[in-house]
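**Q** Can you keep this structure in mind? I'll have questions shortly.
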Amino acid sequence: ADLIDSKRMKDLLDNLVKKYDHVILDSIPVMELADTRLLSRQVDSVLLVASVGIARREVLQNSVEELVKVGARIIGVVINRLDYGSRYGNAYDYYYLSEETGKTKLDRDRLFDQS
């Protein structure tokens, strides 16, 4: 935690941002240690990743609350390990948010194409 919250880390991130168009940092789950909360204050935005069957709703909600408390800008949630078709059938549709167009429906067949 001391290294993540240090001037050296800030300098490293500043240098990376100058050199690259996008810098993506992967971190441990929010609720495990303070590292992710500290890191979230040093980046432009946060994208949460949650696994179906592993991440519980309450934990995800608590993670969002903790990130909001430290001023993180959460841009979305990625849900992975979704077994399309077996449990959910055709009852759900998939959407993404776009600043230009608002809520937009995804083409499920194209999204889950296995070829």
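The values are calculated or read from the model by the stated rules, or taken from the named source; none is laboratory data. It should be emphasised that the depicted structure is a prediction, and the values quoted were computed from it without experimental measurement. Using ideal geometry, Cβ is built from the backbone for each residue, glycine included, and neighbour counts are taken over all protein chains shown.
**Q** Take the residues in segment 31-43 that are hydrophobic (A, V, I, L, M, F, W, C) and assigned to a loop (DSSP other than H, G, I, E, B), then tell me which one is nearest to the chain's Cα centre (by Cα).
**A** 43
**Q** What number of residues in segment 1-28 are surrounded by 14 or more Cβ atoms within 10 Å (Cβ to Cβ) and touching a residue at least 24 places away in the same chain (Cβ under 8 Å)?
**A** The qualifying residues number 4.
**Q** While we're on this one: When you go through 83, 113 one by one, which is the residue that is exposed (fewer than 10 other Cβ atoms within 10 Å of the Cβ) and either modelled with pLDDT under 60 or in a helix (DSSP H, G or I) (or both)?
**A** The conditions single out 113.
**Q** Also: When residues of segment 44-71 are filtered for being in a loop (DSSP other than H, G, I, E, B), at pLDDT 85 or above and among the aliphatic types (A, V, I, L, M), how many remain?
**A** The total comes to 1.
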